[in-house]
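Here is the structure we will look at, set down as structure tokens.
The values are calculated or read from the model by the stated rules, or taken from the named source; none is laboratory data. Since the structure is predicted, the reported quantities are computational estimates derived from the model, not experimental observations. Counting neighbours? That spans all protein chains shown, and the Cβs are built from the backbone with ideal geometry, glycine included.
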Amino acid sequence: MTAVSATAYVVLVCVLAAAVLVGGVFYVRFELRTRVQPPPSWAMWLGYAVVAGVVIFGAARVSYAVLDLPVGPPASTAADAR
Amino acid sequence: MSAAQDASGIAVRVFDWVGLAARLFLGYTFITAGLDKLPHESTTQEAVFGYQLLPGSWLHAYAATLPAVELVLGIALVLGIFTRSVAVLLALGLCSFLMGISSAWQRGLSIDCGCFGGAGSTTNPHYLEHIFRDSGYLALAVLLIVLRHTAVAASTYLFGRRS
């Protein structure tokens with residue numbers, strides 16, 4: 001992969017993140033509907049919100065890093081400097 | 001009991017044992033990863049630093065927390081405690097690892113993934129191999145989320161419910 005495909009990479013990450021978020025909504029609703037003794041719905045949605053936050057943060061951070069080349073010194077230089 | 005119910009019961013039992021195999025494999029993998037990293041916090045910090053994704057002030061906390069979390073989640077999986085919740089957390093972690101590895105590849109970094117210890121730059125990074133491997137782990141985690149229970153789970157005995 002090269003820097004040329006950075007936009008495609010970010011688009012892919014965003015699409016996958018969106019798929020996870022949408023899939024999560026269906027999953028939580030399915031669990032609440034079909035479980036014999038489901039946890040409280042607020043707990044399920046709170047869990048979903050935490051997961052969604054992590055997914056959105058991860059996608060945003062990776063997208064920023066990929067699009068904002070170069071990001072900091074090369075790893076080898078930075079590691080040597082430490 | 002009808003033949004269809006018999007077949008359904010057998011399928012459920014087969015999936016229970018498949019779930020157990022997935023639990024043990026994934027649990028063992030994460031216990032190994034946690035144990036490899038736990039005594040070498042500075043190496044883990046260097047590995048995380050190599051990805052150039054987290055701010056420097058986060059490195060210490062992340063490097064100190066990650067191995068312990070991997071260890072605890074791995075043990076929980078092997079024992080079969082809160083299997084589905086643990087699988088959700090592992091799936092999230094694996095997604096973050098996949099994004100880290102693939103973004104490092106995309107940015108042209110040449111770093112050791114640091115998944116099982118190790119860190120720093122390398123002349124021969126195995127990004128594709130790591131992506132396939134972590135995708136396999138992710139598939140197992142998703143399987144554990146989808147399966148509602150697995151065989152020989154401690155939750156069954158501790159809380160009287162199948163996990």
Yes or no: segment A:5-26 includes at least one residue that is in a helix (DSSP H, G or I), in contact with a Phe, Trp or Tyr (Cβ under 8 Å, 6 or more places away or on another chain) and either under 28 Å from B:GLY100 (Cβ atoms) or within 11 Å of chain B (Cβ to nearest Cβ) (or both). yes
Within segment B:116-130, count every residue that is modelled with pLDDT under 90 and either among the small types (Gly, Ala, Ser) or buried (at least 19 other Cβ atoms within 10 Å of the Cβ) (or both). 5
Cross-chain or 6+ apart pairs with Cβ under 6 Å, segment A:14-42 first and in contact (Cβ under 8 Å) with a residue 24 or more places away in the chain, then surrounded by 10 or more Cβ atoms within 10 Å (Cβ to Cβ) and not small (Gly, Ala, Ser): A:ALA17/A:VAL55; A:VAL20/A:VAL55; A:GLY24/A:TYR48
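Can you find, within segment A:48-69, the residue that is surrounded by the fewest Cβ atoms within 10 Å (Cβ to Cβ) among those that are facing chain B (nearest Cβ under 8 Å) and not hydrophobic (A, V, I, L, M, F, W, C)?
Looking at the filtered set, the residue picked out is A:ARG61.
Given the criteria over 17 Å from the mean Cα position of the chain (by Cα) and modelled with pLDDT under 85, does A:VAL36 qualify? Give the steps one after another, and end with the answer.
Details: over 17 Å from the mean Cα position of the chain (by Cα): yes; modelled with pLDDT under 85: yes.
Considered against the rule, which asks whether it is over 17 Å from the mean Cα position of the chain (by Cα) and modelled with pLDDT under 85, A:VAL36 comes out as yes.
When you look at B:GLY74, is it within 12 Å of another protein chain (Cβ to nearest Cβ) and either of a type outside the set (D, E, K, R) or surrounded by 20 or more Cβ atoms within 10 Å (Cβ to Cβ) (or both), yes or no?
Criteria not met by B:GLY74.
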State whether one or more residues within segment B:77-87 are within 12 Å of chain A (Cβ to nearest Cβ), surrounded by fewer than 18 Cβ atoms within 10 Å (Cβ to Cβ) and closer than 27 Å to A:ASP68 by Cα. no
